[in-house]
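One structure is given below, encoded as structure tokens.
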Amino acid sequence: MATLPSNSICNLRQIRKPSSEVARPLKMKLLIANRGEIALRIIRTCRKLGVRTVQAYSDPDRDSLPLRYADERYALGGATPSESYLSVEKLVRAALDTGCDAVHPGYGFLAEDSSFVQACEENGLNFIGPSSAALEKLGNKLSAKRTMQEAGVPIIPADGPVKDADDAADVAEKIGYPVILKAVYGGGGRGMRIAKTSDEARRFFRLTKLESLSAFGRGDVYVEKRLISPRHVEIQAVCDKHGKVVSLGERECSIQRRHQKLLEEAPSVAVNEKLRQQLIDAAKKGLSAAGYTNAGTVEFLLDKTGEFYFLEVNKRLQVEHLVTEMTTGIDIVEEQITIASTSSLGISQNEVQVEGWAINCRINAEDARSFAPSPGTVIHYHPPTGPGVRVDSALFSGYTIPEYYDSLVAKLATWGRDRSEAIQRMKVALDEIEIIGVPTTIPLHRLLMRDEGFVAGDFDTTYLNGVLPRMNANLLTLEKFAAVAASTSRIRNPPTTIEHRNGGTLRWRMAAMAEQVRERVGW
């Protein structure tokens with residue numbers, strides 16, 4: 001059996017299971033209906049639990065890292081998501097053909113699709129996640145709002161679904177501008193438009209409807225009051241099939257662009273003990289009211305006065321789950337599988353202890369200024385290591401990032417005894433990580449770690465809009481340096497000859513250039 005890359009997790013804290021019992025092998029064979037770093041992450045825990053895995057894969061992923069470490073592989077065929085990871089029929093067939101009795105959806109793709117869960121249920125497959133009934137109730141954002149409101153959880157004023165552009169404008173007038181037009185079945189920051197006038201409400205209704213149809217297969221749109229400069233705080237919870245709900249603390253997710261998270265941390269600098277308990281109580285009440293099982297995240301918006309409002313439930317494993325694992329020591333994927341296989345949680349609320357601080361930087365293959373996706377071949381990849389550093393990634397040197405999928409290529413997280421130490425470790429890790437060949441968001445994260453507002457914890461969901469203009473000049477400098485590094489890497493052929501003749505000179509030149517960049521941008 002192949003050994004997983006040793007640098008994929010290098011925490012100071014060990015992920016632990018609070019109970020004194022050593023995890024016993026589970027009698028389960030699991031299809032992984034996802035790809036990339038999250039597939040590799042699931043495989044890691046399955047190995048620990050003795051669960052055999054089958055990795056489903058598309059044509060562009062035939063040489064991907066998860067296939068090297070899964071026990072079996074199954075070719076879905078096709079390249080686009082609709083031909084592969086969004087095909088309910090193909091994934092259910094893959095599970096049945098390989099003798100699997102369970103399916104883990106990861107996040108994205110079909111992770112929150114009730115029709116997929118229902119297909120699994122009808123074919124005797126154990127879906128690692130909530131039931132189709134709970135997904136249908138919470139997948140509809142208006143239904144989710146009603147469920148939370150009935151449970152006594154504060155919600156943001158909203159109405160819909162609106163039937164046409166004029167109806168959208170009328171509803172927006174009643175709620176009061178500014179408003180957000182949202183896809184009823186949306187998620188991941190897509191299907192959202194901010195409107196400040198009736199004309200914008202009409203125009204953005206059409207755009208939101210089209211985007212919703214394209215991304216989610218449903219075009220229902222509703223109108224919601226927009227809070228001014230809120231913070232985005234969420235509660236991670238795990239729920240078993242006996243009504244037991246355990247909170248694993250909060251995460252701060254306010255550093256966003258286009259409503260999509262770029263950086264997360266746990267805990268939140270904006271949350272005191274009283275507010276934390278209020279958020280936890282609200283999350284537990286809402287999840288219990290929905291009859292929710294497995295891992296779930298209840299997202300809230302926090303206004304300037306300290307009042308909080310329900311936003312939505314993420315009904316799956318979150319991208320940013322690793323910061324919670326680093327501050328609690330609890331393997332959330334293990335809890336997911338344990339709940340699905342035994343119906344009970346392996347932990348109690350009293351066993352959950354949040355220690356220290358963790359920060360996660362999402363490394364996307366994107367232009368750091370425009371955020372345009374940049375697929376291509378990674379010429380050289382070197383992940384950072386060291387105390388309190390964790391990297392979840394399926395990258396390797398020579399890997400070609402496909403154009404068909406999400407641009408996330410790595411999650412770089414650090415843990416410290418406090419927020420200051422976590423930031424310092426992140427600075428070091430970001431300086432150490434090397435991804436050459438494609439543009440990434442690494443330069444932006446480097447600048448964020450040195451930004452006064454971020455370091456002070458003084459930010460909200462609009463923060464990045466304000467700081468990006470003054471960062472762009474420095475980002476351009478960093479991109480030019482990255483381009484030089486990529487060109488240098490390409491001309492090292494054969495590498496042994498260049499290393500022998502010019503290696504020392506080349507390294508010193510690159511070091512001098514790096515020092516000049518550091519001086520210019522204040523590294």
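Rule-based calculations on the coordinates, nothing more; no lab input. In this text, all values refer to a predicted model and were calculated from it rather than measured experimentally. Cβ sites come from the backbone with ideal geometry, for glycine too, and all protein chains shown count toward neighbours.
Secondary structure note: in the chain, about 80% of the DSSP beta bridges are antiparallel. Compute the Cα gyration tensor for segment 157-225, then decide on rounded, prolate or oblate, letting a ≥ b ≥ c be the square roots of its eigenvalues: rounded whenever a/c is under 1.5, prolate when a/b is larger than b/c in the other cases, and oblate in all that remain. Judged from the Cα gyration tensor, segment 157-225 comes out prolate (a/c at least 1.5, a/b above b/c). Treating each Cα of the chain as an identical point scatterer and summing with the Debye formula, the log10 of I(q)/I(0) at q = 0.06 Å⁻¹ comes to -0.28.
Projecting the Cα atoms of Gly388, Leu96, Pro66 onto the charge dipole of the chain, computed from C-beta unit charges around the Cα centre, puts Gly388 farthest toward the positive end. Candidate cross-link partners of Lys90 among the aspartates and glutamates, defined by an alpha-carbon separation under 18 Å and a same-chain spacing of 8 or more, comprise Asp59, Asp61, Glu72, Asp101, Glu112, Asp113, Glu121, Glu122.
Extending 7 Å from Cα along the Cβ direction at Asp170 and again at Arg68 yields two label points whose distance is 6.0 nm. Output the pairs from Lys29/Lys261; Lys241/Lys285; Lys209/Lys284; Lys182/Lys315; Lys241/Lys261 with a Cα-Cα distance over 25 Å in this structure; if there are none, say none. The answer is Lys29/Lys261; Lys209/Lys284; Lys241/Lys261.
Modelled spin labels at Ser115 and Asn272, positioned 7 Å past Cα toward Cβ, are 4.9 nm from each other.
Dipole of the chain computed with +1 at Lys/Arg Cβ and -1 at Asp/Glu Cβ about the Cα centre; of Tyr309, Ile363, His321, farthest Cα towards the positive end is Ile363. The spacing between segment 252-291 and segment 191-238, judged by their C-alpha centroids, is 20 Å.
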